[in-house]
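Structure record follows, encoded as structure tokens.
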Amino acid sequence: MSFPPTSHPTDALRVCVVVPVFNEADTLEPLVRAVMNTPRVTIEQLILVDDGSTDGSAARCDEIARSVAGVEAIHFAENQGKTAALAAGFARAKGDIMITMDSELQDDPEEIPRFLEAIDGGLDLVCGWKKQRHDPWTKRWASRVYNGFTARAFGLRLHDINCGFKAMRIEVAKAAVLRHDFHRLIPAIAAAQGYRVGEIVVRHHPRRYGKSKFGLERYWRGLRDVARLWWAIRRGTIGPS
């Protein structure tokens, strides 16, 4: 189940951006400004999913949604995790192409046209590869181990399957099986469903505000979910329709 190249100029595509938000009040205004001013691309819809923030992010999301056309806010009463946040955004998304990115300003919206060009070239999902990461060594090491193990488990030639900066056709997003902590495994799910998956190298900026939510326990949960997804694919409960 894959699609031919769009043969549309990237500025003609209807693009939706979904951003999970958890305690990032200081980053939201500059993030929205940068996304909505992406060069050569019109962002028709930007969905901020407040995942039970306690630092004022919820109110900031609402303020931005009221003042910026095309921006919408979704709120969870308590923290439910990134998978649930993305699922809520995917359910509301419209358009041709879905972009997912994190909210801490380490992803660069100026990369979005390059994602769209890769999709226009025939891919259904494009994963970012933070080849030069500006994160603590513990996070870089854990991510490298996780990404290497996951790529081998699913036979994917991806360096950074866990990268939150991705682009996909809207059909891929709507078909994604999002449960547990499967947000890390969206490329593997898409590949199992028959979509064409690839990657591009993207810029990664140092964190300027707030603090990382990184914890090694996330990677242990991630490895557990690799086993869950591998078994689901093997049993045929996730695969081409």
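Tabulated data
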quantity: Equivalent ellipsoid semi-axes, the chain, via Cα gyration tensor eigenvalues times 5, rooted, Å; calculated: 25, 22, 17
quantity: Debye, to nearest 20: dipole size of the range 100-207, +1 on Lys, Arg Cβ, -1 on Asp, Glu Cβ; calculated: 460
quantity: Whole-number accessible area per residue in Å² for the chain, which is evaluated in the context of all protein chains at 1.4 Å; calculated: 47
quantity: Computed lengthening from E78 to V201, 0.36 nm per intervening residue step minus Cα-Cα distance; calculated: 40.9 nm
quantity: Cα-only Debye scattering, the range 88-209: base-10 log of I(q)/I(0) at q = 0.13, 0.23 Å⁻¹; calculated: -0.49, -1.52
quantity: Helix runs (DSSP H) in the chain reaching 27 Å along axis by Cα, Kyte-Doolittle at least 0.5; calculated: none
quantity: Fraction of beta bridges assigned by DSSP in the chain that are antiparallel (%, nearest 5); calculated: 25
quantity: Residue among I186, L156, P30 farthest towards the positive dipole end of the chain, charges placed on Cβ; calculated: L156
quantity: Check: the chain dipole with +1 on Lys, Arg Cβ and -1 on Asp, Glu Cβ, in debye; calculated: 1080
quantity: Net +/- balance of residues flanking V145 in space, Cβ distance below 12 Å, scoring K and R +1, D and E -1; calculated: +4
quantity: Pair-distance profile P(r), taking every C-alpha pair of the range 48-131, with 5 angstrom steps and integer %; calculated: 3, 12, 20, 23, 21, 13, 7, 2, 0
quantity: Max mean-square fluctuation residue, GNM over the chain, Cα-Cα springs under 10 Å, options F182, F90, F149; calculated: F149
quantity: Extension gain, T54 back to W231 (0.36 nm per residue minus Cα-Cα distance, nm); calculated: 60.1 nm
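The values are calculated or read from the model by the stated rules, or taken from the named source; none is laboratory data. These numbers come from a predicted model, not from an experiment. Backbone-built Cβ (ideal geometry, glycine too); neighbour counts: all protein chains shown. The accessibility values were calculated without ligands, DNA or RNA, using every heavy atom of the protein model including side chains. Shrake-Rupley method; radii C 1.70, N 1.55, O 1.52, S 1.80 Å.
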